[in-house]
1. With point charges of +1 on the Cβ of Lys and Arg and -1 on the Cβ of Asp and Glu, referenced to the Cα centre of the chain, which listed residue (Thr62, His80, Gly117) lies farthest in the positive direction of the dipole?
2. Using a/c under 1.5 as the rounded threshold, could you call segment 1-78 rounded, prolate or oblate? The axes a ≥ b ≥ c are square roots of the C-alpha gyration tensor eigenvalues, and prolate needs a/b larger than b/c, oblate otherwise.
3. In the structure shown, do any of Lys48/Lys169; Lys183/Lys239; Lys48/Lys142; Lys249/Lys297 have a Cα-Cα gap over 24 Å, and if so which?
4. Picking from Leu71, Thr204, Ala282, whose Cα lies most toward the positive end of the charge dipole for segment 4-295 (charges on Cβ: Lys, Arg +1; Asp, Glu -1)?
5. Quick check: at a probe of 1.4 Å, how many percent of the accessible area of the chain sits on carbon and sulfur atoms?
6. Taking the Cα centre of segment 128-282 as origin, sum charge times position over the Cβ atoms of Lys and Arg (+1) and Asp and Glu (-1), and report the length of that vector in debye to the nearest 20.
7. Taking +1 at the Cβ of each Lys and Arg and -1 at the Cβ of each Asp and Glu, which of Met10, Pro260, Pro102 sits farthest along the dipole of the chain towards its positive end, judged by Cα position relative to the Cα centre?
8. Counting only other residues whose beta carbon sits under 14 Å from that of Arg263, what net charge do I get with K and R as +1, D and E as -1?
Amino acid sequence: MLAADFQEWMQAHAARMESVLDRVLPPASQAPARLHEAMRYVALDGGKRVRPLLAFAAGGLTGADTARVELAAASVELIHVYSLVHDDMPCMDDDVLRRGKPTCHVAYDEATALLVGDSLQSMAFQVLAQHRLSDEPQQQLKMLELLAVASGSCGMAGGQAIDLASVGKELTLPELELMHIHKTGALIRAAILLGALCGRAMSTAEEQALQHYANRVGLAFQVVDDILDTEADTATLGKTAGKDAANDKPTYVSLMGLEPARRFAADLHAEALAVLEPFGDAALRLRQLADFIVLRKF
Ligand code: GRG
């Protein structure tokens with residue numbers, strides 16, 4: 001059971017993300033209108049906003065100005081939405097439903113979906129570069145580099161390549177973990193680090209602890225995603241359930257079985273909470289987000 005004040009915090013920050021995205025995305029009336037309308041269709045009014053919430057919580061840890069964190073958080077969400085749009089395309093996962101709505105290439109067309117993803121990706125870096133997000137220019141450059149590495153071939157796009165190559169194959173657990181550390185984990189880690197980097201400089205020990213937390217919640221997110229894919233229904237998920245098995249994709253559930261996968265998620269959760277101990281009360285929201293990631297039903 002999530003605390004009422006945490007639920008309020010999540011709603012308030014998700015609403016804040018919505019208004020920042022609304023502000024940074026070009027209006028649907030601006031030419032090329034169809035492309036801008038489609039970008040707004042996929043980015044607004046949907047999703048759990050887990051990555052932005054993690055960025056806000058990590059920013060809280062370093063006393064960051066929320067007006068800065070919201071832009072860093074938006075840049076990560078823009079990359080995430082681009083990845084969903086491309087992932088749903090016929091050349092990849094070929095899906096028709098995302099966030100409870102027809103996918104971009106279904107609502108528009110394939111060429112538009114490709115351009116929507118490209119444009120959202122560029123916009124993410126535009127947002128990071130256009131505004132002052134840290135008092136230290138070097139720190140801001142580090143943020144740009146972090147997001148670029150996390151989304152590129154050594155991060156999310158690389159993880160997607162491993163994923164596409166693994167269809168119908170037997171992977172070992174370490175191979176599956178490597179895939180997810182890239183595909184899902186890299187962007188979750190970037191969200192947490194970008195949020196924190198908007199604030200005061202961290203000690204090496206603090207940064208290591210935060211990275212450790214990020215790695216554990218990133219993996220827990222994926223294990224739970226695999227469990228939900230087998231257990232939840234399409235209406236609850238807002239995306240097609242049972243896709244992994246239908247596509248013969250290796251998952252934590254297919255490799256370990258349902259109960260061991262649940263125990264693995266619980267172990268990752270416990271480890272994520274343990275590494276936050278030195279931060280004390282300042283890490284409350286990060287702790288609650290770890291709970292949410294593991295307990296969520298969608
Ligand atoms: C196309 C370069 C490229 C990468 C795609 C992240 C990804 C790689 C594809 C998304 C497909 C997918 C189902 C991945 C597994 C876990 C995941 C990232 C789920 C979607 O994230 P949520 O649950 O989605 O945070 P919402 O809609 O809530 O934001």
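1. Value: Thr62.
2. Note, shape of segment 1-78 comes out prolate.
3. Lys48/Lys169; Lys48/Lys142
4. Leu71
5. About 56 percent, which is the carbon plus sulfur part of the accessible surface.
6. Here the size comes out at about 360 debye.
7. Result: Met10.
8. Working: positive: Arg262; negative: Asp226, Glu259, Asp267, Glu271.
Spelling it out: positives minus negatives among the neighbours equals -3.
The values are calculated or read from the model by the stated rules, or taken from the named source; none is laboratory data. Every value quoted in this text rests on a predicted model; they were computed, and no experiment measured them. Methodologically, a virtual Cβ is constructed for each residue, glycine included, from the backbone with ideal geometry; neighbour enumeration extends over all protein chains shown. Calculation scope for accessible area: heavy atoms of the full protein, side chains included, ligands and nucleic acids excluded. Shrake-Rupley method; radii C 1.70, N 1.55, O 1.52, S 1.80 Å.
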